[in-house]
Amino acid sequence: MARARRLARWMFYGHLWMGVVATGILVVVSITGVFLNHKRALGLMPEASSASPQPLSDALSLDALFDAAASAVAPAVACAGAERMDVRPSDGMIKVRFADASVTEVTLDFASGAVLEVGERRDVFITKLHSGEIFGEWWILLSDTGAILLLLGLVSGYWLWLYPRARAG
């Protein structure tokens, strides 16, 4: 009986402190997740009018598309290089995201290379905060830690709720 009581006490304090840590992590993940779900409505990313859907065989080369995007931005932005190129055949466009400090994105018609939109991606900071990536590669595990603590909190919470009932019966 003393062993069961020690286990119950350990479970209680473990549950309490896992909950405290998980709450902080999950509040950040929850708030940033809501922002990411509504990033278009909140104006966190540039809104480009899409080109017409086209087969990929009509697309210019990636080099030509990058050059067209680089010519649409300041030289300092272009010198930062491309962080990502997102091809969307169903929209007939490619988004070129530069690795500059303000995370500039250029949207192009991928068949003609015409610039459809140039703007700043203000959702990148929120995305990196949401995933933990903003703190470095190892901090991505922060989101995973929050999820694991939530699961452990659920299990220990159910145990704390069921243990007195099982002992009484």
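Coordinate-derived values only; no laboratory data. All values reported here derive from a predicted model rather than from experimental measurement. As a convention, Cβ positions derive from the backbone with ideal geometry for all residues, glycine included, and neighbour counts pool all protein chains shown.
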Amide H to amide H, which residues 5 or more places from Q54 or on other chains are under 5 Å from it, using H placed in the peptide plane? G92
Using the membrane-span-like helix rule (whole DSSP H runs, Cα extent along the own axis of at least 27 Å, mean Kyte-Doolittle hydropathy at least -0.5), which helices of the chain qualify? 2-37, 141-168
Report the Cα centroid-to-centroid distance between region 5-54 and region 108-169 in angstrom, as an integer. 5
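Of T145, T32, T107, how do they rank once you tally other Cβ atoms within 10 Å and put the fewest first?
Numbers: T145 15, T32 19, T107 27.
In increasing order of surrounding Cβ atoms, one gets T145, T32, T107.
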Check which residues have an amide H placed less than 5 Å from F110's amide H, if you skip close sequence neighbours. M93, I94
Which whole-number percentage describes the relative contact order of the chain, with Cα contacts under 8 Å and a sequence gap of 6 or more? 27
Residue with peak Gaussian network fluctuation, the chain [Cα springs, cutoff 10 Å], from A68, A41, A78: A41
For region 82-169, what are the per-bin percents of Cα-Cα distances with bins 10 Å wide, up to the bin holding the maximum? 15, 26, 20, 16, 11, 8, 4, 1
Using the charge dipole of the chain (Lys, Arg: +1 at Cβ; Asp, Glu: -1 at Cβ; taken about the Cα centre), state which of V29, W17, G92 has its Cα farthest towards the positive end. W17
Out of D144, D91, D63, a Gaussian network model of the chain with alpha-carbon springs under 10 Å gives the largest mean-square fluctuation to D63
Reported label for calculated Kirkwood radius over Cα pairs in Å given [x] 19.9; [y] 20.3; [z] 19.5: [z]
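If the chain between W138 and R122 were fully stretched, how many nm would it gain, using 0.36 nm times the residue separation less the Cα-Cα distance? Walk me through the numbers before you get to the answer.
Details: separation 16, 0.36 × 16 = 5.76 nm, distance 2.34 nm.
Here the answer is 3.4 nm.
Quote the charge dipole size of the chain about the Cα centre in Debye, to the nearest 20; the model charges only the Cβ of Lys and Arg (+1) and of Asp and Glu (-1).
On the way: 15 positive and 16 negative charges, 381 e Å.
Magnitude of the dipole: close to 1840 debye.
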Given that compact globular proteins tend to follow 2.2 N^0.38 Å, what is the ratio of the alpha-carbon Rg of region 46-121 to that value? 0.99
Max mean-square fluctuation residue, GNM over the chain, Cα-Cα springs under 10 Å, options S71, S112, S57: S57
